[in-house]
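To start, the structure itself, in structure tokens.
Derivation of every value follows stated rules applied to the coordinates shown; laboratory data play no part. Nothing here was measured: the structure is a model prediction, and the numbers come from that model. Don't worry about glycine lacking a Cβ; one is built from the backbone with ideal geometry, like all the others, and counts go over all protein chains shown.
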Amino acid sequence: MKMHQISSRHNPFFKDLQRIARAAGGARSQQLLLEGLNLCSSWLQHRSAPQAVIIDQAVQQTPAIQALLAQVPAVDCYAFSSALFQRLTDVVTPQGVMFLVDKPVARLPARITQSCLILDRIQDPGNLGTLLRTAAAVGIDTVFLTTGTVSPWSPKVLRSAQGAHFLLSIHERMHPAKCLDRLQIPLALTVLDGEVSLFASTLEGPIAWLFGNEGQGVDAAWLKQADLKITIEHAPEVESLNVAVAAAVCLFEHQRQLQAAGDGD
């Protein structure tokens with residue numbers, strides 16, 4: 001591994017990294033900065049080698065950083081001064097390591113036949129990260145995000161999902177019709193006053209689970225097409241559940257019923 005020591009903010013590569021960091025995983029950005037030991041290790045485990053490794057000179061020789069570097073194939077490594085490294089992160093106490101990678105691009109399936117997660121205009125990065133992590137935890141590997149959903153590749157979403165991104169095919173900026181035209185399985189969503197309680201419902205085979213905006217819920221176009229409108233019963237004193245909590249309850253109940261029936265996706 002070739003090591004480059006950089007201490008000038010005028011360095012061209014550092015300026016490129018600043019532009020990528022400012023883009024924060026937005027639609028126009030084709031590259032990402034993955035920050036922290038966990039995200040970098042997850043990338044190595046589930047994807048491939050990074051384009052480059054960026055480290056803080058102050059932690060370059062620590063055992064954790066050295067152990068990570070030992071797993072990285074032969075790519076260039078850039079050791080920045082702490083002052084420069086801090087300019088690339090929004091973390092108060094960074095771990096001192098980043099990977100530069102290409103943003104994964106998923107191939108849109110012609111038909112949706114396996115259980116998936118559809119997220120409609122989710123705004124909170126923490127919610128989106130938790131939703132992605134929950135999907136991966138129950139074995140769902142495909143997620144569709146409608147236009148208006150926060151970028152799944154923003155630093156806050158990446159940190160919240162804790163590497164789940166690299167187990168998933170994530171499709172962004174989806175119009176409802178683009179999903180509905182491909183659906184070959186039932187579409188399920190939660191409502192406050194549904195046709196059936198979640199725990200009284202029969203959840204057989206693959207299901208497309210839809211969860212909507214934290215304040216407005218799902219778009220009306222989805223409501224008209226839903227095959228299952230489910231209520232999660234809870235204490236009446238609580239108006240509603242957080243969207244990430246509601247999704248976790250539904251996804252794990254679906255998984256439980258499939259396992260109990262010996263069904264599976």
Sequence-distant or interchain residues sharing an amide H contact under 5 Å with Asp90, placed H: which? none
Checking the cross-link filter: which lysines have an alpha carbon closer than 28 Å to that of Lys224, excluding same-chain neighbours under 8 positions apart? Lys178
Determine, for Leu117, Leu241, the number of other Cβ atoms within 10 Å of each Cβ, and report the residues in order from fewest to most. Leu241, Leu117
Computed [θ] at 222 nm, helices only, for the chain once each DSSP H run of length n ≥ 4 contributes -39500 (n - 2.57): -9500 deg cm²/dmol
For the chain, with equal point scatterers placed on the C-alpha atoms only and solvent neglected, what are the log10 I(q)/I(0) values from the Debye formula at q = 0.11, 0.15, 0.17 1/Å, to two decimals? -0.66, -1.03, -1.21
Could you please rank Arg182, Arg28, placing first whichever residue has the fewest other Cβ atoms within 10 Å of its Cβ? Arg28, Arg182
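Mind pulling the per residue volume of the convex hull built on the Cα atoms of segment 116-261? Å³ is fine.
With only Cα atoms used, segment 116-261 gives 106 Å³ per residue.
Return the subset of Lys156/Lys229; Lys2/Lys156; Lys15/Lys156 for which the Cα-Cα distance in this structure is over 26 Å, preserving the input order.
Lys156/Lys229; Lys2/Lys156
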